[in-house]
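This report refers to the structure that appears directly beneath it.
The values are calculated or read from the model by the stated rules, or taken from the named source; none is laboratory data. Source: prediction; values computed, not measured. Positions of Cβ are generated from backbone atoms using ideal geometry, with glycine treated the same way; all protein chains shown enter the neighbour counts. Note: areas computed on protein heavy atoms with side chains; ligands, DNA, RNA excluded. Shrake-Rupley method; radii C 1.70, N 1.55, O 1.52, S 1.80 Å.
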Amino acid sequence: VSITDRCNERCNYCMPQELQEWLPRHEILTYEETLRLIRVAAELGVSKVRITGGEPLTRRGIVDFVRQIPEIRGITSIGLSTNGTLLAREMTPGNTMAQGLRDAGVQSVNISLDTLDPQVYSQITSRDFHAQVLGGIDAAIAAGFDQIKHNAVLMRGRNENQLLALIGVA
């Protein structure tokens with residue numbers, strides 16, 4: 001069973017367990033509905049799209065979905081927000097998720113990483129995926145995104161001492 005299969009079975013594999021609310025499938029927009037919404041928004045003058053919400057890379061077919069967005073007239077910029085844990089995953093031999101997304105048209109990526117300390121990361125996220133996030137950052141750099149941003153939330157008593165170290169990431 002792959003990571004993607006596990007996530008699509010809603011096992012909380014890539015996300016912290018606390019405060020997660022899984023919606024029934026019928027309450028989540030399908031890719032077709034989302035593309036229609038993007039088309040309508042583009043007709044109204046929207047030119048930038050950001051793929052986000054939970055962890056978008058856990059959805060099956062995300063790269064194929066993203067590949068359709070640049071085909072929408074008026075859309076000139078596609079960004080992605082992610083926790084980074086799946087960016088280095090190989091989709092095909094030698095081709096990472098990051099490279100697939102870049103090839104599909106994603107220009108910028110925003111990766112969340114609240115600490116460079118693996119133990120603190122595990123405490124914050126309830127997951128031991130620190131190495132996967134760092135690998136994801138490396139994969140994003142290798143994929144050649146136009147812009148890679150780093151997002152961190154500093155929390156008193158947990159990771160506020162990480163500020164200076166985090167400034168140099170991505």
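Provide a single number: the residues in region 50-97 that are among the hydrophobic types (A, V, I, L, M, F, W, C) and more than 28 Å from PRO24 (Cα to Cα). So that I can check it myself, show each step before the final result.
Step one: of region 50-97, the residues among the hydrophobic types (A, V, I, L, M, F, W, C) are 51, 57, 62-63, 65-66, 69, 72, 75, 78, 80, 86-88, 91, 97.
Pick out the ones that are also more than 28 Å from PRO24 (Cα to Cα) and you get 72, 75, 88.
Within region 50-97, residues that are among the hydrophobic types (A, V, I, L, M, F, W, C) and more than 28 Å from PRO24 (Cα to Cα) number 3.
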In region 88-124, the residues that are touching a helix residue (DSSP H, G or I) at 6+ places or on another chain (Cβ under 7 Å), open to solvent by less than 30 Å² (accessible area, probe 1.4 Å) and of a type in the set (A, V, I, L, M): MET97, ALA98, LEU101, ALA104, VAL106, VAL109, ILE111, LEU113
Members of region 65-102 that are touching a residue at least 40 places away in the same chain (Cβ under 8 Å) and either aromatic (Phe, Trp, Tyr) or part of a helix (DSSP H, G or I) (or both): VAL66, MET97, ALA98, GLN99, LEU101, ARG102
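Pick out the one residue from ARG89, ARG127, ARG156 that is basic (Lys, Arg) and over 28 Å from VAL63 (Cα atoms).
Numbers: ARG89 fails: over 28 Å from VAL63 (Cα atoms); ARG127 fails: over 28 Å from VAL63 (Cα atoms).
Result of the check over ARG89, ARG127, ARG156: ARG156.
Would you be able to tell me the number of residues in region 142-164 that are small (Gly, Ala, Ser), open to solvent by less than 50 Å² (accessible area, probe 1.4 Å) and under 18 Å from VAL120 (Cβ atoms)?
Start the filter on region 142-164 by keeping residues that are small (Gly, Ala, Ser), which leaves 142-144, 152, 157.
Next cut, open to solvent by less than 50 Å² (accessible area, probe 1.4 Å) only: 143-144, 152.
Narrowing the set further to residues that are under 18 Å from VAL120 (Cβ atoms) leaves 152.
Matching residues across region 142-164 total 1.
Checking the conditions here, which among ARG39, ARG73, ARG25 is surrounded by fewer than 13 Cβ atoms within 10 Å (Cβ to Cβ) and either within 24 Å of SER122 (Cβ to Cβ) or modelled with pLDDT of 95 or more (or both)?
Values: ARG39 fails: surrounded by fewer than 13 Cβ atoms within 10 Å (Cβ to Cβ); ARG25 fails: either within 24 Å of SER122 (Cβ to Cβ) or modelled with pLDDT of 95 or more (or both).
Going through ARG39, ARG73, ARG25 in turn, the sole match is ARG73.
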Tally of residues being closer than 16 Å to THR85 by Cβ, part of a loop (DSSP other than H, G, I, E, B) and either at pLDDT 95 or above or of a type in the set (A, V, I, L, M, F, W, C) (or both) across region 103-120: 2
Number of positions in region 125-136 that are open to solvent by 20 Å² or more (accessible area, probe 1.4 Å) and among the aliphatic types (A, V, I, L, M): 2
Residues of region 108-163 classified as more than 30 Å from THR76 (Cβ to Cβ) and of a type in the set (Val, Ile, Thr), total: 4
Verdict on ALA139 being in a helix (DSSP H, G or I), open to solvent by less than 70 Å² (accessible area, probe 1.4 Å), modelled with pLDDT under 90 and among the small types (Gly, Ala, Ser): no
Subset of region 62-86 that is farther than 23 Å from VAL133 by Cβ and among the small types (Gly, Ala, Ser) - its residue that is farthest from the chain's Cα centre (by Cα): GLY74
Of the criteria (1) within 18 Å of THR52 (Cβ to Cβ); (2) in contact with a Pro (Cβ under 6 Å, 6 or more places away or on another chain), which one SER126 fails: (1)
